[in-house]
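Reviewing the structure listed below.
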Amino acid sequence: MTVPLETVRRFLGPVGADPGCDASLETFDLFLEADLGGRSAAELYPAAAVHLEGCPDCREDYIGLRELVQSAAEWPAPG
Amino acid sequence: MGALGVALHRRPFGMNSWLGRVASAHGDQDVVLDSVSAPHAEFPHELDQESRLWFERLGSTGPQQADAVEALFELLHHGARHEANRRRGSLPPAIVSELDDLARQAADDAVTAVLRKLADYRGASRFTTWAWKFAILEVSATLRRAAWRGRAITIDDAAWGRLADSMPVDPLAAVEARELVAALERSVTTDLTPLQRDVFVAVVVLHAPVDVVANRRGTTRGAIYKALHDGRRTLRRALAAQGWAVDETGGAP
């Protein structure tokens, strides 16, 4: 049966070790900076990459954080 | 007391402290840091100057710390507003009119979360990236709950059909997608626990946010996602047993 992988994954999620929301959220910022730094975040943090594919809320939050950091690269520290 | 000697409490609005200034501007309660001593954390990573300033000043005492907490609120408020505006188009009008208040509340809660977790900051990422994570989590959870306020998470007879209809345009793939959805529906009914079934239907079929399902069940996002993850694993095995190629190669032939 030849249902596209994308369809199957939408229903059944990705295959691979998924540490869950809490552990993935711990590495969100590291994953993001690797991502924005041009490093392969999915290779550096494979479990977080699996989770981001499987969890719609975490994925949406990650997108929001990514856009936020990109839009405000410099923010002054307290004076 | 945390590793930095920081104790966090919520104190009613109007207490005679630097907190009062923060509280009067941002709400009727706020975080108080008591008995704060200078941080002496050993960072496993080389901190950039800005991140070190944030960390040291939030962990200092007196006016310097108060100023740093106010700056932290501004940082997190910016993050919460940015995320609220990003989601504006997907929110009901009634929620859009509340966005400023919701972002401010979320920023307040994020300040609390950051101060509570400050001792855990190891400098592996920039402080602003680390701290904004809390703002995003707070405001997104708030907006999801607000957007689903008053909405039941109830499946109707056509819900599974809509799932299949939203699938591929290729005719052959569409037929097989409908067959997969039918097999999935049967397996959801027979193979999952009641909790796994409810969570799968809510999140995958009805597209309810995990946060909302968790809130209504009085539990955490992580607990609901685990039920979803476990349910998906059961479904994957059940469908594989029926001849569907849903193992490591996904749906490939």
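The values are calculated or read from the model by the stated rules, or taken from the named source; none is laboratory data. Predicted model only: the values in this text are computed from it and were never measured. Every residue, glycine among them, receives a Cβ derived from its backbone with ideal geometry; neighbour counts consider all protein chains shown.
Helices (runs of 4 or more DSSP H) fully within the range B:92-147 that include at least 2 residues being modelled with pLDDT of 95 or more: B:99-117, B:127-147. Restricted to the range B:221-248, and to residues there that are more than 8 Å from chain A (Cβ to nearest Cβ) and β-branched (Val, Ile, Thr), the residue that is nearest to B:Leu143 (Cα to Cα) is B:Ile224.
Scanning the range B:82-98 for residues that are crowded, with 20+ Cβ neighbours inside 10 Å and either of a type in the set (S, T, N, Q) or free of Cβ contacts under 8 Å to residues at least 40 places away in the same chain (or both) yields a count of 1. Using the structure shown, decide if B:Ala23 is modelled with pLDDT under 90 and out of contact with any His (no Cβ under 9 Å at 6 or more places or on another chain). So B:Ala23 passes the test.
Within the range B:107-134, restricting attention to residues that are within 15 Å of A:Leu32 (Cα to Cα) and among the hydrophobic types (A, V, I, L, M, F, W, C), the residue that is surrounded by the most Cβ atoms within 10 Å (Cβ to Cβ) is B:Trp132. For B:Ile155, the conditions (1) without any contact (Cβ under 8 Å) to a residue 60 or more places away in the chain; (2) surrounded by 21 or more Cβ atoms within 10 Å (Cβ to Cβ) all hold with the exception of (2).
Look at (1) in contact with a Phe, Trp or Tyr (Cβ under 9 Å, 6 or more places away or on another chain); (2) within 14 Å of chain A (Cβ to nearest Cβ); (3) in contact (Cβ under 8 Å) with a residue 60 or more places away in the chain and you find that B:Val139 fails only one, number (1).
Checked against (1) within 11 Å of chain A (Cβ to nearest Cβ); (2) touching a residue at least 40 places away in the same chain (Cβ under 8 Å), B:Arg104 passes all but condition (1).
Residues checked against (1) farther than 25 Å from B:Leu53 by Cα; (2) modelled with pLDDT under 95:
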residue	(1), (2)
A:Arg10	yes, yes
A:Asp29	no, no
A:Leu32	no, no
A:Arg39	yes, yes
A:Cys55	yes, no
A:Asp61	yes, no
A:Leu65	no, no
A:Trp75	no, yes
